[in-house]
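Comments concern the structure below.
The values are calculated or read from the model by the stated rules, or taken from the named source; none is laboratory data. Predicted model, so just to flag it, every value in this text is computed and none were measured. A quick note on method: Cβ atoms are made from the backbone with ideal geometry, for glycine too, and the neighbour counts reach across all protein chains shown. These accessible areas exclude ligands, DNA and RNA; they are computed on the full protein's heavy atoms, side chains included. Shrake-Rupley method; radii C 1.70, N 1.55, O 1.52, S 1.80 Å.
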Amino acid sequence: MSSKYSPTEKLSRKLEESVEQQLVSLAVDEKDDLSQEEIESLGSEMFEFVEYDETEAERIGYSNYSYWRSTFRMFFKNKMAVAMLTIMMVLLVFTFIQPLLPNQFDANQVNYYDAKAVWIDVTEDGTANLSGVKYTKGDYAVELKDGETLAYVKVPETWGAPKFYVQESGGEAVEVAATQDPANTEWYYTPVSEEQPFMYITSEDGKETTYHQAVWVTFDEPTGGVYSRSVKQTVGAIVSDVPENHILTYFFLPESWGKPNVVAAGMLRGSAESELELIADPENAGWYYAFVPVEQMRLVITSEDGSLKTKNDGIAKVGDPMEIVPQVGFVENQRPNEIFWFGTNDIGQDLWSRMWSGTRTSLLIGIVVALVEAVVGILAGLLWGYVRKLDFIFTEIYNIINNIPSTIILILATYIMRPSVITLIIAMCITGWIGLARFIRNQVIIIRDRDFNLASRCLGTPTRRVIMKNLLPHMVSVVMLRMALAIPGAIGSEVFMAYIGLGLPINIPSLGNLVNKGRALMMAPTLRYQLIIPAVILSVITICFYLVGNAFSDAADPKNHV
């Protein structure tokens, strides 16, 4: 009774009824013999031979099954694979869109600091960060005279309209006009002459300032010396309750020194000395502060255990404000900021542009190599496995290529030919196809003599149709997986070639060049971004292709088409 309600039984009954109706409609008569008049009444079309159609040779019944439709339906059921495919497509499309976006640098453009202006970004606590990178849009706000530098300043909104003060070294400060730039409303500007190059900024009410009656002493590891400046280098509020006739002094030395020992002495040798009590600054890790008597400004600094000493003595003397001098040279090793989103390298090239240009180059290499390997590998593998006479020739070719390390072939190819994208593609394709061809050959040998293939040949099905319809669908899943893995594999080979110095020239950005360049800077904490960013992009590409390839491989397997 249960079979009565089975969907399969219902469908079978519908098909039986349809066939019966068709037979009834085609039936001429139930009699086995017809009279002459009945025979003559029959139409001539009932006695015509049906033409042979090779495309219908194997059709035994109607079915709406489509291999590729079922494959894509199964693939799009995998949400993770669809998400990875979306990321991959967005990444690929963006590599071509990025150069067309506004305010983009050329990937090979060397950027220099501005020669006539500086940009000063003041934080809420009064720390002033000076840069020669152009942060404003358009041309200079005013025409400059000889010996002048244009200073742009951006302050927090809580400061109100800032006030600018300039002075010569050790001189009296003079207020100068601060003008809001109409093209860049968050920036104020003023020309600064070389006669009075020292400048500081205060808030509108005068409570906040970039110039403090304090000293910041820092250690320079390459020279082993210390430098004293009155430009604020810590964050947060500075100590306010400074004893009279004392100078607030901050210290920052390497962690390996421990808590330093500081002895304050007079400027004359042999004068009275006193050991300072250093207090750890709670808001700035690694910083200490102390109150230095004004008559003992010379600072002798040693490590906690006394084994290390600075090359020169520090001076606890309140110095001049920030000097407004244009920066010169490359915009080198700039950390990611609002102008250079991924920072710059050692010659001032924009890593944002180089990253996407390099991704475009590496993806081009990977996709072309994967397509060439797939086309050549599939054709060679099918011929190798199906045409028995070619088995010996292909086997010898395989033995020759497989016994030579692919790395040696890559190196020899790049030595012989000029380094370029075409060279890398050719070098990778020389050996890349052979693995896929051997796999397909083995699969063809396994299934070429199965019953359905023998039946196809008996029905007169052409060889090309047997290969395309009977053999290839059984291998599509693995072919697609190998193609998906061939793309990150080719990119990995390009990275390896760049690592050994045989990759693309430096004027052709690629992930290999970027990773190899960043690898040399891995031990410098402030420069690790030059390795981390391309490594992340490379990892995203590899993971996306791997997951998409696996998902499509499963979806392409006919066993999963339920």
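Before moving on, here are some points about what is shown:
- Residue check for Glu186: of a type in the set (Asp, Glu) and under 20 Å from Thr123 (Cβ atoms): yes
- In summary, Phe330 fulfils each of the numbered conditions (1) of a type in the set (A, V, I, L, M, F, W, C); (2) surrounded by 18 or more Cβ atoms within 10 Å (Cβ to Cβ); (3) touching a Gly at 6+ places or on another chain (Cβ under 8 Å); (4) farther than 30 Å from Ser256 by Cβ with the single exception of condition (2).
- Picking from residues in the range 57-79 that are open to solvent by 80 Å² or more (accessible area, probe 1.4 Å) and part of a helix (DSSP H, G or I), the one that is modelled with the lowest pLDDT is Trp68.
- Taking the conditions (1) open to solvent by less than 50 Å² (accessible area, probe 1.4 Å); (2) free of Cβ contacts under 8 Å to residues at least 40 places away in the same chain; (3) under 44 Å from the mean Cα position of the chain (by Cα) in turn, Ala280 satisfies each one other than (1).
- Among the residues listed as Val372, Val325, the single one being at pLDDT 90 or above, open to solvent by 40 Å² or more (accessible area, probe 1.4 Å) and part of a helix (DSSP H, G or I): Val372
- Qualifying position, being of a type in the set (S, T, N, Q) and within 30 Å of His474 (Cβ to Cβ), among Thr542, Thr526: Thr542
- Among the residues of the range 467-503, those that are within 18 Å of the chain's Cα centre (by Cα) and surrounded by 20 or more Cβ atoms within 10 Å (Cβ to Cβ) comprise Ile487, Pro488, Ala490, Ile491, Ser493, Glu494, Val495, Ala498.
- Among the residues of the range 266-300, those identified as under 19 Å from Gln233 (Cα atoms) and not in a strand (DSSP E or B) are Leu278, Asp281, Pro282, Glu283, Asn284, Ala285, Gly286.
- Strands (runs of 3 or more DSSP E) enclosed by the range 218-265 - at least 3 residues per element that are of a type in the set (Gly, Ala, Ser) and open to solvent by less than 70 Å² (accessible area, probe 1.4 Å): 225-231
- Test for Ser303: is it farther than 19 Å from Gly236 by Cα, in contact with a helix residue (DSSP H, G or I) (Cβ under 9 Å, 6 or more places away or on another chain) and among the small types (Gly, Ala, Ser): yes
- Residue check, Val263 over 30 Å from Thr158 (Cβ atoms) and either free of Cβ contacts under 8 Å to residues at least 12 places away in the same chain or touching a Ser or Thr at 6+ places or on another chain (Cβ under 8 Å) (or both): yes
- Residue count for the range 329-339 satisfying the condition of being closer than 15 Å to Asp114 by Cα and in a loop (DSSP other than H, G, I, E, B): 5.
- Hey, Ile97 at pLDDT 90 or above, within 32 Å of the chain's Cα centre (by Cα) and crowded, with 18+ Cβ neighbours inside 10 Å or not: no
- All positions within the range 101-120 that are surrounded by 18 or more Cβ atoms within 10 Å (Cβ to Cβ) and assigned to a strand (DSSP E or B): Ala117, Val118, Trp119, Ile120
Rundown of residues vs (1) in a loop (DSSP other than H, G, I, E, B); (2) at pLDDT 85 or above, yes/no style:
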{"residue": "Ala413", "(1), (2)": "no, no"}
{"residue": "Ile422", "(1), (2)": "no, yes"}
{"residue": "Ile426", "(1), (2)": "no, yes"}
{"residue": "Ile430", "(1), (2)": "no, yes"}
{"residue": "Ala437", "(1), (2)": "no, yes"}
{"residue": "Asn442", "(1), (2)": "no, yes"}
{"residue": "Leu454", "(1), (2)": "no, no"}
{"residue": "Gly460", "(1), (2)": "yes, no"}
{"residue": "Arg465", "(1), (2)": "no, no"}
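- Yes/no for Thr542 being over 28 Å from Met80 (Cβ atoms), open to solvent by 30 Å² or more (accessible area, probe 1.4 Å) and in contact (Cβ under 8 Å) with a residue 40 or more places away in the chain: no
- Selection status of Arg269, of a type in the set (D, E, K, R), modelled with pLDDT under 95 and surrounded by 14 or more Cβ atoms within 10 Å (Cβ to Cβ): no
- Count of the range 167-184 residues, restricted to those that are part of a strand (DSSP E or B), within 17 Å of Pro197 (Cβ to Cβ) and free of Cβ contacts under 8 Å to residues at least 60 places away in the same chain, is 3.
- Qualifying residue in the range 208-230 (condition: of a type in the set (D, E, K, R), in contact (Cβ under 8 Å) with a residue 24 or more places away in the chain and farther than 25 Å from Pro326 by Cβ): yes
- Here Ile301 passes the criteria (1) modelled with pLDDT of 95 or more; (2) more than 22 Å from Tyr211 (Cα to Cα); (3) open to solvent by 30 Å² or more (accessible area, probe 1.4 Å) except the one numbered (3).
- Taking first residues from the range 125-140 that are at pLDDT 90 or above and partners that are of a type in the set (Phe, Trp, Tyr), the Cβ contacts under 6 Å between residues at least 6 apart in sequence or on separate chains come to Ser131/Trp119; Gly132/Tyr113; Tyr135/Trp119; Thr136/Tyr152; Thr136/Trp187.
- Candidates Ala535, Ala484, filtered to the one that is touching a Gly at 6+ places or on another chain (Cβ under 6 Å), hydrophobic (A, V, I, L, M, F, W, C) and under 30 Å from Trp352 (Cα atoms): Ala484
- In the range 170-197, the residues that are touching a Leu at 6+ places or on another chain (Cβ under 9 Å) and among the hydroxyl-bearing types (Ser, Thr, Tyr): Tyr189, Thr190
- Qualifying residue in the range 520-528 (condition: open to solvent by less than 60 Å² (accessible area, probe 1.4 Å), among the small types (Gly, Ala, Ser) and touching a helix residue (DSSP H, G or I) at 6+ places or on another chain (Cβ under 8 Å)): no
- Flag for Val82 being β-branched (Val, Ile, Thr), surrounded by 13 or more Cβ atoms within 10 Å (Cβ to Cβ) and touching a residue at least 24 places away in the same chain (Cβ under 8 Å): no
- So Ala214, is it under 19 Å from Ala151 (Cβ atoms) and among the small types (Gly, Ala, Ser): no
- Whenever a residue of the range 304-329 is farther than 30 Å from Lys134 by Cβ, its partners that are surrounded by 14 or more Cβ atoms within 10 Å (Cβ to Cβ) and at pLDDT below 90, lying with C-beta atoms within less than 8 angstrom and at least six residues away or across chains, give the pairs Val318/Ser230.
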